[in-house]
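Colleague: Quick one: this structure, given as structure tokens, is what I'll be asking you about.
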Amino acid sequence: QVQLVESGGGLVQAGGSLRLSCAASGLTFSRYAMGWFRQAPGKEREFVAAISQSGGLKFHADPVKGRFTISRDNAKITVYLQMNSLKPEDTAVYYCASGSSVNIREGYGIDYWGKGTLVTVSS
């Protein structure tokens, strides 16, 4: 059974930092591209960042470029999202996802989702 379990969310002041982790089990992690998405209250889920199987390709959505960085450790079967200079508009539930390629950033080929972790940024 495949599981993606996010952690690291919480309450932080604007300008602060958090690092999210997503631990995978039940799949051959190195064969999957991984991504982060978020859903703010009353809004649709949106793409945040994606990383290829080897980690050589990375994509970040425009609203987070220069502030967020996706990375992965295939030995630890974990993908990370380092979030710096957080803003109140980054408040959302953050979800981890896996898929066949970095086209998951367009919503294609997503195989599995985690249950999410809440990030709240206070002003």
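Colleague: Mind counting the residues in segment 82-118 that are within 19 Å of residue 68 (Cα to Cα) and among the hydroxyl-bearing types (Ser, Thr, Tyr)?
Modeller: Total meeting the criteria: 6.
Colleague: From 118, 86, which residue is modelled with pLDDT of 95 or more, open to solvent by 30 Å² or more (accessible area, probe 1.4 Å) and outside any helix (DSSP H, G or I)?
Modeller: Residue meeting the stated conditions: 118.
Colleague: Restricting attention to segment 89-102, which residues are at pLDDT 95 or above and either part of a loop (DSSP other than H, G, I, E, B) or under 13 Å from residue 32 (Cα atoms) (or both)? Working first, answer last.
Modeller: Of all residues in segment 89-102, those at pLDDT 95 or above come to 89-99.
The answer is 91, 96, 97, 98, 99.
Results for (1) open to solvent by 50 Å² or more (accessible area, probe 1.4 Å); (2) within 18 Å of residue 108 (Cα to Cα), shown as yes or no for each residue.
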residue	(1), (2)
12	no, no
24	no, no
36	no, yes
44	yes, yes
52	no, yes
68	no, no
73	no, no
80	no, no
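Colleague: Still on this structure: When you look at residue 113, is it of a type in the set (Phe, Trp, Tyr) and open to solvent by 70 Å² or more (accessible area, probe 1.4 Å), yes or no?
Modeller: Criteria met by residue 113.
Colleague: Is there a residue in segment 55-66 that is of a type in the set (Val, Ile, Thr), outside any helix (DSSP H, G or I) and at pLDDT 95 or above?
Modeller: For segment 55-66, residues of a type in the set (Val, Ile, Thr), outside any helix (DSSP H, G or I) and at pLDDT 95 or above: absent.
Colleague: Is one or more of the residues making up segment 72-79 of a type in the set (A, V, I, L, M) and under 10 Å from the mean Cα position of the chain (by Cα)?
Modeller: Yes.
Colleague: Against the condition assigned to a helix (DSSP H, G or I) and in contact (Cβ under 8 Å) with a residue 40 or more places away in the chain, how does residue 105 come out, does it pass? First the steps, then the outcome.
Modeller: On the way: assigned to a helix (DSSP H, G or I): yes; in contact (Cβ under 8 Å) with a residue 40 or more places away in the chain: yes.
Considered against the rule, which asks whether it is assigned to a helix (DSSP H, G or I) and in contact (Cβ under 8 Å) with a residue 40 or more places away in the chain, residue 105 comes out as yes.
The values are calculated or read from the model by the stated rules, or taken from the named source; none is laboratory data. Model, not experiment: these values are computed from the prediction. When we count neighbours, we look across all protein chains shown, and the Cβ atoms used for this are built from the backbone with ideal geometry, even at glycine. The protein model used for the area step is the full one, side chains on, heavy atoms only, and it has no ligands, DNA or RNA in it. Shrake-Rupley method; radii C 1.70, N 1.55, O 1.52, S 1.80 Å.
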